[in-house]
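To start, the structure under review is shown below, and the notes come after it.
FYI, it's all coordinate maths here, none of it is from the lab. Predicted, not measured: the structure shown is a model, and the values here were computed from it. Cβ atoms come from the backbone with ideal geometry, glycine included; neighbour counts cover every protein chain shown.
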């Protein structure tokens, strides 16, 4: 693939350079635009400007999007727990510890590597994330829907955007949540002091998580979380925000926590309309053994 050259002339747009460009060219995220500006791939009237530059009428803006670096994603014969499969979709139960798709420094042993060995996948997300419509964190277990072809991918992605698909998680959290139900409506963005983290930030991306208490233990609570939006680390950050971080969470939780293989967070239910037939389909997956063992131990403590 070759580099792509984009151009625009400012008429009635206003505001920061990065924001205006990402609004005008919908295929570019604001983060991508900021990176292009940093690497001198954006010019205003033939000059390099910073991301905070305020555009004015008549500005001629050119954007050069470099050709993507090819990443050779190899199929790998890695066992998969497939809950459902047909010619259009795969529903897979991802184990804790498995990364969903390749990234710099982690090109192998991902869910995508395993899926490519198993089946052809949609091409909409390119060579790095073929078939991947949505993702869950490395140490979160549970259900993911995967598209085998582009038609299925477009349908499943549209359902996510329209919030008509169902995604329910089980989370074991610190503390005793007093309310039986609740909604956390707090915008999320990258944390200013740690690029690995997300945080509740005024002006961040709209994010809503609904929760319902299923079981109370003395120092922990088992809850069901229903995602209305799907931001990075959303459940983990939202629960930390209300003072009940997910047990075992190495990034957002306390050091003194339940021993496991990362956060006790499991994508337990997934529902969507089949992209070809329109049939409503719902799938469930039990929590992994280490999660079930933690619950059993907490129940024993209550009884003793």
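Spin-label model, residue 219/residue 151: points 7 Å from Cα along the beta carbon direction are separated by 5.5 nm. Students often get this wrong, so try it: which of [x] 66, 45, 34; [y] 85, 52, 35; [z] 74, 43, 37 is Cα extents along the principal axes in Å as calculated from the structure shown? Checked against the structure: label [z].
Roughly how tilted is helix 289-303, in degrees to the nearest 10 and between 0 and 90, from the longest Cα axis of the chain? The helix 289-303 is inclined about 50 degrees to the chain.
Starting with the fewest neighbours, write out 303, 249 ranked by other beta-carbon atoms found within 10 Å of each beta-carbon. Numbers along the way, then the final one.
Details: 303 5, 249 28.
Fewest-to-most Cβ neighbours within 10 Å comes out as 303, 249.
Our note on the geometry: Cα centres of the stretch 287-302 and the stretch 201-242, 21 Å apart. Ranked by the mean number of other Cβ atoms within 10 Å of their residues, highest first, the peptides 157-168, 279-290 come out as 157-168, 279-290. Inter-label distance, residue 76 to residue 127: 1.8 nm, where each label sits 7 Å from its Cα along the C-beta direction. How high is the FRET efficiency between residue 29 and residue 300 when r is their beta carbon distance and R₀ equals 51 Å, given to the nearest 0.05? Approximately 0.60, to the nearest 0.05.
Among 231, 299, 135, a tally of other beta-carbon atoms within 10 Å of each Cβ gives an order, fewest to most, of 299, 135, 231.
If R0 is 30 Å, what FRET efficiency do you get for residue 212 and residue 190 from their C-beta distance, rounded to 0.05? Kindly include the intermediate steps, with their values, before the conclusion.
Details: r = 29 Å, r/R0 = 0.96.
Plugging the Cβ-Cβ distance into 1/(1 + (r/R0)^6) gives 0.55.
How long is the gain from residue 176 to residue 50 if the chain were fully straight, where each residue apart is worth 0.36 nm and the alpha carbon distance is subtracted? Write out the running numbers ahead of the final one.
Details: separation 126, 0.36 × 126 = 45.36 nm, distance 4.76 nm.
Full extension from residue 176 to residue 50 adds 40.6 nm.
Spin-label pair residue 85-residue 205: with each label point 7 Å from Cα along the Cα-Cβ axis, the two points sit 3.0 nm from one another.
Out of all DSSP beta bridges in the chain, what portion is antiparallel? Express it as a percent rounded to 5. Show your work: numbers first, answer last.
Working: 57 of 59 bridges.
Beta bridges within the chain, antiparallel portion: roughly 95 percent.
Distance between Cα centroids, the stretch 135-180 to the stretch 5-48: provide it in whole Å. If you average the Cα positions of each part, the centres end up 32 Å apart.
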